[in-house]
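Shown next, in structure tokens, is the structure this report addresses.
Read the figures in this text as sums done on the coordinates, not as results from a lab. Keep in mind that what you see is a predicted model, and the values were worked out from it rather than measured. Heads up, the Cβs are rebuilt from the backbone with ideal geometry, glycines too, and the neighbour counts pull from every protein chain shown.
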Amino acid sequence: MSVLHLVARTSSKPPPTLTASLALDKARHLAPRFAERALACEALRHCPDESIQDLFDSGLMRMMQPKMFGGSELGMSECLDVVLEIAKVCPSTAWVFTNLASHAWTIGQLELQAQQDVWGSDPRALAATGLAFPCGKATYERGGYRVSGRWPFASGVDASSWMIVGCMTDAGDASAPHRRFFLVPKSDFKSLDNWYAYGLTGSGSHDVEVVDAFVPEHLSVSAEIFAAGKDLPGGKIHSHPMYSMPTFVSFAYFLCIVPLGAAKGAIEQFVTSMRHRAGTYTGARVSELASVQARIAESSACVDFAETVLRRDWLELEMSTARGEYPSLETKLKWKRNVAFASGLIVKSIDTLMPAAGAAGLSSKLPLQRLFRDIHAASAHIALTWDIQATAYGQSALSIPPQSGLLL
């Protein structure tokens with residue numbers, strides 16, 4: 001861990017308490033810095049220390065952390081609006097931020113002793129995740145579980161002192177293995193530094209390994225409780241309804257907002273560059289080409305349609321949780337279908353622009369090609385993959401049980 005990480009994590013300076021408007025202002029203020037560091041972020045393969053420090057100093061990193069531990073306790077909508085602004089200029093930084101900031105919300109859903117273990121001595125502690133249950137095994141022991149496994153895609157692990165990992169759990173009796181999450185401290189996990197990727201290159205999404213670590217029972221929770229939301233221990237501790245929100249269906253929005261923001265940034269940059277650009281061979285103004293004009297219209301329409309349905313659905317989720325209502329399986333599958341379809345529209349928006357960008361759009365010194373790669377990489381996440389989510393929705397519509405193992 002770097003010196004800057006240690007400073008960020010042990011500083012006694014209290015974070016500012018954020019409102020929704022102040023959080024958005026801070027994100028817009030920081031965006032130019034993240035844009036300047038975007039190339040360095042790719043070269044490092046993780047979010048620069050300076051950017052992590054900026055997110056702490058601004059209070060944004062702790063915006064979803066419970067007020068009890070010094071956070072601002074802002075909800076999903078406020079966080080997603082912030083992520084959108086960051087993703088316009090550096091999707092890798094946005095991907096790390098949306099994971100780490102939202103994991104503070106996830107930890108806030110656990111029982112109080114778990115939250116005190118994480119934040120009692122270090123209120124700035126962060127957690128990355130390894131959510132693939134088949135990658136881990138947990139065996140019950142008196143007072144807790146013995147955990148081992150290797151999980152991929154632990155985005156932001158370089159800045160994290162905890163891991164939230166999923167395991168198939170053996171209770172030691174004749175019952176079938178069940179899915180369970182575990183909080184593992186840094187002393188018990190190892191980042192394997194193996195993230196070399198075409199897109200989201202700077203997200204530091206390394207594999208993480210845990211070998212025979214004992215995890216006390218209070219640092220674990222059933223996956224089914226996370227999925228349902230209504231019985232989450234943190235929902236009985238904190239007043240904000242998000243701590244009772246169904247976790248799995250919510251998390252898809254924290255992911256999809258990154259390619260959405262990247263696409264909005266790509267359109268802005270494309271339009272700006274095309275206003276005064278002349279064709280290399282013809283000398284004609286590119287902005288006067290009807291094909292370019294039509295591509296801008298199609299790309300922006302894809303983004304607008306995607307954003308509209310995403311905002312509608314996550315607002316419905318937030319409002320239903322605030323009313324103490326919990327979505328049916330059919331509703332969850334509809335929302336996840338819509339997220340995946342919106343992701344496809346976002347991919348279409350950048351694919352529509354790239355042919356009109358010409359060779360200049362491929363320059364490694366310019367952001368368009370990076371946004372293109374990052375959008376495709378983010379949209380490859382299983383939560384955003386059309387084939388997976390469409391099949392699950394179709395199975396439900398036909399009264400066929402969805403494929404086992406999906407985060408529903």
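Take every Cα pair under 8 Å whose residues are at least 6 apart in sequence, average their separation, divide by the length of the chain, and the relative contact order is 15 percent.
Extending 7 Å from the Cα toward the beta-carbon at both THR331 and GLU316 defines two label points whose distance is 0.9 nm.
Taking other residues whose beta carbon is less than 15 angstrom from the beta carbon of ALA377, and scoring Lys, Arg as +1 and Asp, Glu as -1, yields 0.
Given a cut-off of under 8 Å on Cα pairs at least six residues apart, what relative contact order in percent is computed for segment 3-119?
Values: 136 pairs, mean separation 34.3, N = 117.
Answer for segment 3-119 is 29 percent.
Pairs with C-alpha atoms separated by more than 18 Å, drawn from the list LYS264/LYS334; LYS88/LYS334; LYS26/LYS88; LYS67/LYS236; LYS236/LYS334; LYS236/LYS332, are LYS264/LYS334; LYS88/LYS334; LYS236/LYS334; LYS236/LYS332. Computed from the Kirkwood radius of its Cα pairs, the Stokes-Einstein diffusion coefficient for the chain at 10 °C and 1.306 mPa s stands at 73 µm²/s. Projected label points at GLN116 and ILE237, each 7 Å from Cα along the beta carbon direction, are separated by 0.9 nanometres. Residue exposure proxy: TRP195, TRP95, ordered by other Cβ atoms within 10 angstrom of their Cβ from fewest to most, comes out as TRP195, TRP95.
To make sure I understand, if each residue's beta carbon is the centre and we count other beta carbons within 10 Å, what order do ILE296, ILE52 fall in, fewest to most? Please report the intermediate quantities before stating the final value.
Values: ILE296 18, ILE52 25.
Placing the least packed residue first, the sequence is ILE296, ILE52.
Given springs between every Cα pair under 10 Å in a Gaussian network model of the chain, which of ALA154, ALA114, ALA397 has the largest fluctuation? Taking springs between Cα atoms under 10 Å, the residue moving most is ALA397. For the chain, the longest principal axis of the C-alpha atoms and the axis of helix 20-36 are separated by about 60°.
Can you tell me the length gained on complete extension of the stretch LEU366 to GLU50, counting 0.36 nm per residue apart and subtracting the Cα distance?
On the way: separation 316, 0.36 × 316 = 113.76 nm, distance 2.17 nm.
Length gained, LEU366 through GLU50: 111.6 nm.
Can you tell me which of 214-227, 370-383 comes out highest on packing, and rank the rest after it, using the mean Cβ neighbours within 10 Å?
Numbers: 214-227: 18.5, 370-383: 23.2.
Put in order of decreasing packing, that is 370-383, 214-227.
Of the residues VAL96, VAL211, the one with the fewest other Cβ atoms within 10 Å heads the list, and the complete ranking is VAL211, VAL96. Counting DSSP beta bridges in segment 81-173, what percent are antiparallel, to the nearest 5? About 45 percent, rounded to the nearest 5.
Within 11 Å, Cβ to Cβ, of ALA223, how many net charges do the neighbouring residues add up to if Lys/Arg are +1 and Asp/Glu are -1?
Numbers: positive: ARG179, ARG180; negative: GLU224.
Net charge in that neighbourhood comes out at +1.
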